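Just below is one structure, and these are the notes that go with it.
Computed from the coordinates by the stated procedures, all read-outs in this text should not be read as laboratory data. Just so you know, these numbers come straight off a predicted model, no measurement behind them. Positions of Cβ are generated from backbone atoms using ideal geometry, with glycine treated the same way; all protein chains shown enter the neighbour counts.
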Amino acid sequence: MEKITSTALKVCPFIKSSSISTLKSLNLFNAAQKCPIMGHQINQVSQSRGLTTETISHQTKKTNSDEIKSEQVQFKFQSESESQLKSQSIKVEETSFANSAKNLELDQTLLSSVVDKTSEHVSFDYNGLFESDLFKKRKDNSYRYFNNINRLAKEFPKAHRLAQDDKVTVWCSNDYLAMTRNEEVLDVMHKTLDKYGSGAGGTRNIAGHNQHAIKLESEVAALHKKEAALVFSSCYVANDAVLSLLGQKLPNLVIFSDQLNHASMIVGVRHANCKKHIFRHNDLAHLESLLKQYPKNQPKLIAFESVYSMCGSIAPINQICDLAEKYGALTFLDEVHAVGMYGPHGAGVAEHLNFDSHLKTGLASPNFKTTMDRIDMITGTLGKSFGTVGGYVAASANLIDWLRSFAPGFIFTTSLPPSVMAGAAAAISYQRQTIKDRIDQQRYVRYLKQKFNDLNIPIIPNPSHIVAVLIGDAALAKKASDLLLEKYKIYVQAINFPTVAIGEERLRITPTPGHNEKLCDILLECVDNVFKELDIPRLSQYKQNGSLCGVGDQSSEIKNISQIWTDAQLKLTEKDLHPSVFDPLIKQLETSSGVLL
């Protein structure tokens, strides 16, 4: 009976979401007789075997009764010793299955005979699948709850919840430099909105090109010191479009993707429909061992990020470029969580690695091959440090023109609104000539990390702006987030699976230039109180019981992690920037429209 019930669960759309124990309490035979599919099959099988439905029903009831009795016997044995329980339970189960095999004439043949016919006549239980998946998400504490957070531009970093007088302080936004409230950006957006309307009218391929797209792509190319750039509706779309097209167009391409790459890159690699390898996070030796399996003349691509947003680690970009050159691979760098915040002009970590040289040359390129020059494709976002929405890729003129001509993710997607593109261009220009925002942010990051360490709060060690407070349990992370919000009016979203691995749940804190030391001190006190109230493991416990995500790791490699911004860089001001970055005349790109301007 157990075997038949299990099979029924797989093939019947009406009962497959039920448990076996629930089904045992039902008279399945009587229910099956009413089914238009099963009823017909029961009659056919019964006639072929010379059985009456009454006989079968009686045998089914007897089998069910036997199994119920066996469960009652097992329950009775629970009070006995463990050894007695095991032996008695085994005997009862053997007896039950023997009775089932002996008494039940409706066997596997009956169920297997209706599988195909069921699919022909009964609709799939779509809602049952949805409900089951959602139940699983709730059960493992990975279900996502979205808080009603309405950020107030004039009171940054404050926001109100559903009621406008219910205000909280936001500590987890990716508006890293508070550019969503920047007056210069807002002014440009207001004027463009009034003059050109709310939308672009369609794709650039159909509705036409415009000056705002040309200017924005020129600004992006100049920022990364590339020949050209192409803007997409988001960086998720950009990553997917570029990676998938490369896989579809380059013969026998092999993609090497970092283990912690963003979902957009994972999807892009999947859509590339080519051979791929996943190398361990930032593990150069593992990457090289994979690269050397292929001849140098076979197309290859190494896809990785500069700053990994959930743990804050930074990729060894130059060393990856060394391997790419050695083995003949293209390089694809996602700078989403770095643009605006690193480098003297906000171009990202690749610029930051040649900080002094770029600082001296300003808008021009240094007279040597920089890290940015070594990267073939740089993707970034307009929706975080630049305070608007959208994504882009910067690369050589030929590569950008090729993407513009062949990438479905670009060709068939409605263009960003003119006001958004104008605002994004203004934000890039503003950050190129304003270093103070980046410096203030880094100072508050340092302050928080040091103070959390003093409070014995476990922070995942990293050299970037990400302050990741390790919780290590999904339910506990949500409780911590809820407690901070409800009791202390502090909003920090809990991060759980699949964004991070199960057992590595955390609170991800991201200071901005608007989070001064006074606000930092309030946060520190509240987080400390939450750790006490919920008895969340402290840094010292990880040191004693074993490290997790680098927390509690006593190795010199972890202990010696320093912030990528140096003390000397944090002392710079706008006076130290090259004159060329202030109100520059940015060359308009032919590749934006395909025609010479």
What distance in nm lies between label points placed 7 Å from Cα along the C-beta direction at Leu455 and Phe406?
5.3
What whole number of Å gives the distance from the Cα centroid of the stretch 407-459 to the Cα centroid of the stretch 253-289?
26
Divide the volume of the convex hull of the Cα atoms of the stretch 181-426 by its number of residues and quote the answer in cubic angstrom per residue.
119
With 0.36 nm assigned to each residue of separation and the Cα-Cα distance removed, Phe146 to Thr414 gains 93.8 nm
DSSP beta bridges in the stretch 223-340 [antiparallel fraction, %, rounded to 5]
5
Could you sort the peptides 352-358, 127-133, 482-488 by per-residue average Cβ neighbour count (10 Å cutoff), highest mean leading?
352-358, 482-488, 127-133
Listed peptides 516-527, 297-308, 414-425 by packing density, highest first (mean Cβ within 10 Å):
414-425, 297-308, 516-527
So between Asp166 and Tyr126, what do we pick up on full extension, going 0.36 nm a residue minus the alpha carbon distance?
10.5 nm
Part-to-part distance (alpha-carbon centres) for the stretch 319-360 and the stretch 140-170, which is given in Å:
34
Karplus-derived 3J(HN,Hα), 6.51/-1.76/1.60, for each residue of the stretch 302-315, Hz, glycine and proline x:
9, 10, 7, 10, 8, 10, 8, 5, 8, 10, x, 6, 10, 6
Compute the semi-axes of the equivalent ellipsoid of the stretch 195-298, taking the square root of 5 times each eigenvalue of the Cα gyration tensor, and list them largest first in whole Å.
34, 15, 14
Among the aspartates and glutamates, which have Cα under 17 Å from the Cα of Lys326 when same-chain residues fewer than 8 positions away are ignored?
Asp283, Glu288, Asp373, Asp376
Which cross-chain or sequence-distant (5 or more) residues have an amide H under 5 Å from the amide H of Ala228, H modelled 1.01 Å from N in plane?
Ala395, Ala397
Cα-derived Rg to Rh of the stretch 154-234, Kirkwood definition
1.07
Could you let me know the centre-to-centre spacing of the stretch 573-597 and the stretch 193-221, using Cα atoms, in angstrom?
18
Give me the percent of DSSP beta bridges within the stretch 181-426 that run antiparallel, rounded to the nearest 5.
35
³J(HN,Hα) computed for each position of the stretch 158-165 - Karplus, 6.51 cos²θ - 1.76 cosθ + 1.60, integer Hz, glycine/proline x:
7, 8, 10, 8, 4, 8, 5, 8
Between Phe135 and Asn367, take the C-beta separation as r, use R0 = 51 Å, and let me know the FRET efficiency to the nearest 0.05.
0.25
Amide H contacts under 5 Å for Ile278, restricted to residues at least 5 apart in sequence or on another chain and with H modeled in the peptide plane, are Ser257
At R0 = 41 Å the Cβ-Cβ FRET efficiency linking Glu183 and Asp322, nearest 0.05, sits at 0.40
Pairs from Lys296/Lys369; Lys215/Lys384; Lys225/Lys449; Lys158/Lys449; Lys487/Lys532; Lys191/Lys436 whose Cα-Cα separation, in the structure shown, is over 24 Å
Lys225/Lys449; Lys191/Lys436
Any chance you could tell me what percent of the C-alpha pair distances in the stretch 436-571 go past 17 Å?
59
